[in-house]
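Take a look at the structure below.
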Amino acid sequence: MVKKLSEAQLKELTFKRDWCLAVIEGIGKVCPASECNFIVTEFPPIINKTFDKMDMRGMRVLYDDINDIEDALTPSQLIELNRILRERFGQDLTTANNRLGNKADSIIKRGKIRNDEEYYQMKPYVDHLLWTGVAGDEEKAKILDKLLYEYEQRVAAKMEKG
C-alpha cells in the first residue's frame with residue numbers, strides 16, 4: 001500500500017533514496033567487487049522498492065544503515081567515497097552521519113578526551129574537518145587537536161610512571 005506523504009516528507013524520502021543509491025554506486029567504484037558485490041547488487045532493489053512504497057520509516061532505516069558503511073571501508077576507500085558524495089550532494093558520510101560531530105561537540109564541551117576510543121575517533125575526524133574546509137570547522141579542529149595533544153601527554157606521563 002502506497003502511503004500519502006506531505007511535500008516535505010516526499011522531499012526527505014527522495015533525498016534519502018538518492019543518497020543511498022549514490023553511496024552504493026560509490027562503494028561499487030571504490031571497493032573491490034569481491035568484497036562489495038552483495039551490497040552493490042542487493043541493496044538498490046530494496047532501496048527502490050522502499051521508495052515505491054513511500055515507506056518513510058523503512059527509508060530512514062536504510063539511510064542509517066548505509067551511512068554506517070564507513071566503518072567497513074578502508075581510509076582510502078572512505079576518502080574517495082566521501083569525495084564522490086561531496087561532489088554530488090555537498091556533504092559526505094562523515095557529515096551526514098553526524099555521530100562524530102556530536103561526539104566532538106561533547107568532548108569540546110567537556111574539555112577533555114577521556115580514553116583511547118575517543119582519541120582514535122577524533123584523530124581522523126580532525127583531519128576530515130581540515131580537509132573539507134567548511135566554515136567554522138578549522139576552529140573546531142584546532143580545539144580538538146589541542147585536546148588530542150593533551151591526551152597524548154597524559155598517556156605518555158602515565159607510561160613513564162610505569
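The values are calculated or read from the model by the stated rules, or taken from the named source; none is laboratory data. What you see is a predicted model; the values in this text were computed from it and never measured. So basically every Cβ, Gly included, is an ideal-geometry build from the backbone, and we count neighbours across all protein chains shown.
Structure notes:
- From the list Thr74, Thr41, the one residue that fits, being under 30 Å from Arg154 (Cβ atoms) and not hydrophobic (A, V, I, L, M, F, W, C), is Thr74.
- Every listed requirement among (1) over 22 Å from Gly136 (Cβ atoms); (2) within 13 Å of the chain's Cα centre (by Cα) is met by Leu93 save one, (1).
- Residue within region 4-11 that is crowded, with 17+ Cβ neighbours inside 10 Å and at pLDDT 90 or above present: no
- Residue tally, condition within 16 Å of Gln121 (Cβ to Cβ) and of a type in the set (Asp, Glu), over region 64-88: 3
- Pair list, Cβ < 8 Å and 6+ apart or interchain, from region 3-27 residues that are farther than 25 Å from Leu73 by Cβ to residues that are basic (Lys, Arg): Lys3/Lys53
- Out of Arg60, Arg17, one residue alone is surrounded by 11 or more Cβ atoms within 10 Å (Cβ to Cβ) and touching a Ser or Thr at 6+ places or on another chain (Cβ under 9 Å). It is Arg17.
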